[in-house]
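The next block holds one structure in the form of structure tokens; read it before the comments.
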Amino acid sequence: MNKEQIIEAVADTLVRAGSTFSQDKILAYRRAMEQEGSEQAHWVMEQILQNAEAAEKNRSPLCDDTGIPHLLLDVGPDRALTGELLADIQEGVAVGLRRLPGRPMGIMGGDLQRIDQSGGLSPDSGAVLSAPLQVRRTEEDVLRLHILMQGGGPAIRGRTYRVYHKHSVSAVVDEIVKWATEGVGMLGCSPCTLAIGIGRSQYEAASLMEQAQVDGRYDAPSQLEREITERVNRSNIGALGLHGDVSVIGTFLKVGPQRASGVRVVCLRPCCCFEPRLASVEL
């Protein structure tokens, strides 16, 4: 691809990420509706699917919190990653945010002004900068970009902290279920998808949590993912907190390398009913 083609491909991918449900997510919602005994919660999930259908048809945002772009790049063994390519990707992100359109929520000013928001908001949707890019190696002969649009609510209700494993997987899972139940209960925008990373540091755990959203599948959960989903669903939080059988439609868990110590660092994101908002493209 040349420069213009890369920018256009990235922009289109960002719009798709912000406006479409994957097919396995649609099917996950339909399975959840079959399991849901609450008439109110069932109605909420119907509205979520109707919203997703309208958003995809109109190529409009799934939610008014259009999200912060988080980028992950898979690089094959014979593919090159250059500074010029990174600049083209960032330009494509800005074009996509204006086209979606993204909510204009880029804070202006220096460090102090950005912290207290005294610098005001830029009116340009394209001024919403993406989070730091993640790069990982793949054996495939590809250069594949994944774009996640991450909203503010799940970030507020998420948690990254250490867990004493006590040489027991159950001890770690019990703590995850506790965090998830608390987070989903306060989130409001449920049913949600739980994204979890377990690593050796806060950075690694958070990176794995993002990768879990990229790699996760609703139709092929692992034993641990299924267990966490089932246990949190016993909480009776339900869609929009209205109580019901389905509070979580799926769990995406990624476990990285671990160090010889008494703790595991866990990053949990209770993704809202519209997340993960994900789309991918080969460049």
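The values are calculated or read from the model by the stated rules, or taken from the named source; none is laboratory data. Quick caveat: nothing in here was measured; it's all calculated off a predicted structure. Every residue, glycine as well, gets a Cβ built from its backbone with ideal geometry; the counts of neighbours run over all protein chains shown. Quick note on the areas: whole protein, heavy atoms, side chains included, nothing else; ligands and nucleic acids left out. Shrake-Rupley method; radii C 1.70, N 1.55, O 1.52, S 1.80 Å.
The table below lists the values:
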read-out	value
Given (1) surrounded by 13 or more Cβ atoms within 10 Å (Cβ to Cβ); (2) modelled with pLDDT of 95 or more; (3) within 26 Å of residue 21 (Cβ to Cβ), number of the condition residue 223 does not satisfy	(1)
Search result, residues across region 241-269 that are out of contact with any helix residue (DSSP H, G or I) (no Cβ under 6 Å at 6 or more places or on another chain) and farther than 30 Å from residue 48 by Cα	255, 257, 258, 259, 260, 261, 262, 263
Only listed residue being in contact with a His (Cβ under 9 Å, 6 or more places away or on another chain) and over 19 Å from residue 170 (Cβ atoms), chosen from 279, 260	279
Enumeration of residues in region 33-78 that are part of a loop (DSSP other than H, G, I, E, B) and touching a Pro at 6+ places or on another chain (Cβ under 8 Å)	61, 66
Selection count where residues are part of a loop (DSSP other than H, G, I, E, B) and in contact (Cβ under 8 Å) with a residue 12 or more places away in the chain, scope region 81-115	9
Check on residue 208, over 22 Å from residue 51 (Cβ atoms) and either of a type in the set (Asp, Glu) or at pLDDT 95 or above (or both)	yes
Tally of residues being within 19 Å of residue 197 (Cβ to Cβ) and outside any strand (DSSP E or B) across region 232-261	6
Identity of the residue in region 242-260, out of contact with any Leu (no Cβ under 7 Å at 6 or more places or on another chain) and open to solvent by 40 Å² or more (accessible area, probe 1.4 Å), that ends up farthest from residue 45 (Cα to Cα)	260
Scan of region 171-213 for residues that are open to solvent by 10 Å² or more (accessible area, probe 1.4 Å) and in a strand (DSSP E or B), ordered by number	198
Where a residue in region 136-151 is in contact (Cβ under 8 Å) with a residue 40 or more places away in the chain and of a type in the set (Gly, Ala, Ser) and its partner, wherever it lies, is open to solvent by 10 Å² or more (accessible area, probe 1.4 Å) and assigned to a strand (DSSP E or B), with Cβ under 9 Å and at least six apart	151/68
Search result, residues across region 123-143 that are open to solvent by less than 40 Å² (accessible area, probe 1.4 Å) and in contact with a strand residue (DSSP E or B) (Cβ under 8 Å, 6 or more places away or on another chain)	128, 130, 131, 134, 138, 142, 143
Any hit, region 64-71, residues being open to solvent by 40 Å² or more (accessible area, probe 1.4 Å) and over 19 Å from residue 144 (Cβ atoms)	yes
